[in-house]
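See below for the structure under consideration.
The values are calculated or read from the model by the stated rules, or taken from the named source; none is laboratory data. Please read these numbers as outputs of a predicted model, since none were measured by experiment. No Cβ is skipped: glycine too gets one built from the backbone with ideal geometry, and neighbour counts run over all protein chains shown. Accessible surface is based on the protein model in full, side chains and every heavy atom, while ligands, DNA and RNA are left aside. Shrake-Rupley method; radii C 1.70, N 1.55, O 1.52, S 1.80 Å.
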Amino acid sequence: MSTDQRTPDGAVDQAPTAPPAEGKYVYCIIEAESPRGFGPMGIGGRGDEVYAIHFGGLAAVVSDTPVVVYDPTRENALTHEHVNETVMKEFTVIPMSFGTVFRTEYDVIEFLKDTSDALRDVLLKMKDKIEFGLKVNWDPEIVLQEVEQESEDIRRLKEEIMSNRLTSTYFARMQLGRLVERGMADKADAYVREVYDHLRDCAIASRHNKPIGDKMILNAAFLVERDKAAEFDHRVSEIAQRYEGRLRFHYTGPWPPYNFVNIRLKLERAGAAT
């Protein structure tokens, strides 16, 4: 029997849709024995309390949430990051992937139980370590002038092309293009090597991510011991000053080690909603 009802004008009045079930949004994993609350800052804009669900010395930092697929909007992403940054002030954090939702507290505990050995291993490796991000951009026009000044072959070809305006310079232009392209790539590689060399002594590991756009030559994450954060910060300032006017440095952090852990461990088995 249909639950639809007709209004006096003949339109069909649909039965109200049931709200989505409540679940648990998981931000990160920590080591903790006793109950902890972190404040009403949960994702979704409802002011849900962020708290810990415990199992065997491990804890998942969660908040209550409808069982929905979260869009990675700026607001949602910043909330996810803010919770992790708050927790990492006191704990070593294994950040979960954005949008990880479990259906029940029992499912969260089963996840902790099923992956406890792997989680403890990652927590041990990440203990007292934080991540910094570094993006380096250049001005191609300024760098091109440097490349031309440093290459006798490029200067010679440019002069040859300019002095033969009335004759065919097709092959000379092709050769010039290849030399400039190679020179720019070599210059980018040299800059990147110098940045890594300058930071290597105070970073445990680094990850090279794909640059974004044609002006970015470096998009990297660095894993740093917490007690070496000030030294790392100083090294970044030094290298930025060395190349002031040629390179632009965008430095962020500290962050949880997003680029150095992979925490999609047996989620389907544990009953995650994602």
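Among the residues of segment 146-155, count how many are open to solvent by 40 Å² or more (accessible area, probe 1.4 Å) and either touching a Leu at 6+ places or on another chain (Cβ under 7 Å) or modelled with pLDDT of 70 or more (or both).
Residues meeting the conditions: 2.
Taking segment 202-215, which residues are without any contact (Cβ under 8 Å) to a residue 24 or more places away in the chain and not in a loop (DSSP other than H, G, I, E, B)?
Across segment 202-215, the qualifying residues are Ser206, His208.
Restricting attention to segment 74-130, report how many residues are touching a Cys at 6+ places or on another chain (Cβ under 8 Å) and open to solvent by 40 Å² or more (accessible area, probe 1.4 Å).
0
Does Thr73 qualify as being closer than 17 Å to Pro254 by Cβ and polar (S, T, N, Q)?
no
Determine which single condition Ile217 fails, assuming it passes every other condition in (1) closer than 22 Å to Pro256 by Cβ; (2) surrounded by 18 or more Cβ atoms within 10 Å (Cβ to Cβ).
If we test Ile217 against (1) closer than 22 Å to Pro256 by Cβ; (2) surrounded by 18 or more Cβ atoms within 10 Å (Cβ to Cβ), just (1) comes out false.
Out of curiosity, is Lys210 of a type outside the set (Val, Ile, Thr), surrounded by 13 or more Cβ atoms within 10 Å (Cβ to Cβ) and at pLDDT below 95?
no
Considering only segment 156-175, how many residues are under 30 Å from Leu218 (Cβ atoms), at pLDDT below 75 and open to solvent by 30 Å² or more (accessible area, probe 1.4 Å)?
2
Residues Val83, Val122, Val143: which one is under 30 Å from Arg235 (Cα atoms) and at pLDDT 95 or above?
After ruling out the rest, the residue left standing is Val83.
Taking only segment 193-207 into account, find how many residues are over 12 Å from Lys135 (Cβ atoms) and open to solvent by less than 90 Å² (accessible area, probe 1.4 Å).
10
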